[in-house]
Every structure is written in C-alpha cells, then in structure tokens.
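Down below is the structure, laid out as structure tokens.
The values are calculated or read from the model by the stated rules, or taken from the named source; none is laboratory data. A quick note: this is a predicted structure, and the numbers were derived from the prediction, not measured. Please note: Cβ atoms are built from the backbone with ideal geometry, for glycine as well, and neighbour counts cover all protein chains shown. Quick note on the areas: whole protein, heavy atoms, side chains included, nothing else; ligands and nucleic acids left out. Shrake-Rupley method; radii C 1.70, N 1.55, O 1.52, S 1.80 Å.
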Amino acid sequence: MCGIAGVVCPTEAAAQSAIEAMLCVQAHRGPDDAGKQFERFGDQYLGLGHRRLSILDLSPLGHQPMVHPESHDVIVFNGEIYNFRALRKQLLQDGEDFRSTGDTEVLLRGLTRYGPAFLQRLEGMYAFAFLNRRDQTLLLARDPMGIKPLYIGKSKDALVFASEVRGVLSSGLIANTLDKNGIATMLAFGAVQHPHTI
C-alpha cells in the first residue's frame, strides 16, 4: 500500500514536526520501512516522507525518499507502474543505469530525463511527489482515475500533502474544520466532489 507525506513551510522545525506526525499516523500503510528528507526549497523548507510496504524490490535499494545518483532529484511514490519493465528497457537504451529492480527508480529516472511528459507513458495507479533540483520545482501527480489517493491542504503559510486526510490534518499546519461545500456535495451527489473533502 505505502504512504507518502510532504510539506512546504517556513521553518525546518515545522517541516520536521509535521513529517514525523504524518508518518506516524500512516504507519499502517507501510510497516516495512520509513524514510524522510528535509531541505531548503526557495525561501521555504521542504519535507518529504514515506512509509514503505515492500512488494517489488524487497532490498534496501527500494528505500524512499529515493534520490537520483547524478541529478539528486528526489521522489516519494505510492502505487504500481504496470509497464515499468518496458519503460526500464527504453531507459536503459537511452543510457540510464539502474541500481534497484522496482518501479520507483524507473519513475524517478524517467521524470529526471523527460520531465512531466514522462507521465504520458505511465500505465498504472500512482501518487507521487517529485523534486526537480535543477528547476527547484515540486511535481505532485496521481493516476488519471485517482485510484491512489493524494490529499492536498493549503494554508496561508504551508502546503501539505499525504496519502490520507488524517496525514494532512496530523501535520498541525492545516485547520481541522468541516468543509460545508464538501458536505453539500456529499448530500447532493452521494459522494464528495473534487476539489472538496468533508
């Protein structure tokens, strides 16, 4: 299952506190491993966290956040890329050299080489955050059907994302209040409508 967590906020201490709390409440999503990374991101701080359920690559080489060895781009990923073996073969032909055997590194290297256009090649279910160091951009993406969850919260000072709403709320950076629009869409349509939550 795995779980991702991330925050962009004004201080490193706030980022560390948020990621610790977010990983703790999502521990059930990934009992096999956990990882986190913190760094400057413009005039803010970025924190990335991951809870791992080891399925494809059971070795420590599948640890996340995963860092590209040359570009130092970073990814946290939840999901499964069904066509990762074919993509890996193409990337090998393009000169990429892989350390692990899983789909996370295929996604990392594809995004580093081709940027967001690489998303068009993906077949699968996924949610991830990708830090492009050269451009100092953070790409958040999920599969087109939204099979893998990616919840995002914004406040005046922070951007928070996680695999679960309680992950976002546990950050302490997003208000824990009811969204009347979310409730109204639930009552009107039988399900909460994008971009709301309850």
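Here the condition is being under 24 Å from MET1 (Cβ atoms) and either surrounded by fewer than 11 Cβ atoms within 10 Å (Cβ to Cβ) or at pLDDT below 90 (or both); of THR177, THR197, it holds for THR197 alone.
Matching residues to (1) among the charged types (D, E, K, R); (2) at pLDDT below 95; (3) touching a Gly at 6+ places or on another chain (Cβ under 8 Å); (4) crowded, with 17+ Cβ neighbours inside 10 Å:
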residue: PRO65; (1), (2), (3), (4): no, no, yes, yes
residue: SER71; (1), (2), (3), (4): no, no, no, no
residue: ILE75; (1), (2), (3), (4): no, no, no, yes
residue: TYR82; (1), (2), (3), (4): no, no, yes, no
residue: LEU111; (1), (2), (3), (4): no, no, no, yes
residue: ALA117; (1), (2), (3), (4): no, no, no, no
residue: GLN120; (1), (2), (3), (4): no, no, no, no
residue: PHE128; (1), (2), (3), (4): no, no, yes, yes
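For the range 134-154, a residue qualifies if it is in a loop (DSSP other than H, G, I, E, B), open to solvent by less than 50 Å² (accessible area, probe 1.4 Å) and either among the acidic types (Asp, Glu) or more than 18 Å from LEU107 (Cβ to Cβ) (or both), and exactly one does: ASP143.
The single condition among (1) out of contact with any His (no Cβ under 9 Å at 6 or more places or on another chain); (2) more than 23 Å from ASP43 (Cβ to Cβ); (3) open to solvent by 20 Å² or more (accessible area, probe 1.4 Å); (4) among the polar types (S, T, N, Q) that SER163 does not satisfy is (3).
Just the residues that are under 30 Å from GLU123 (Cβ atoms) and out of contact with any strand residue (DSSP E or B) (no Cβ under 8 Å at 6 or more places or on another chain), please, taken from the range 167-187. Residues satisfying the conditions do not exist here. Within the range 88-133, being among the hydrophobic types (A, V, I, L, M, F, W, C) and outside any strand (DSSP E or B) holds for LEU91, LEU92, PHE98, VAL106, LEU107, LEU108, LEU111, ALA117, PHE118, LEU119, LEU122.
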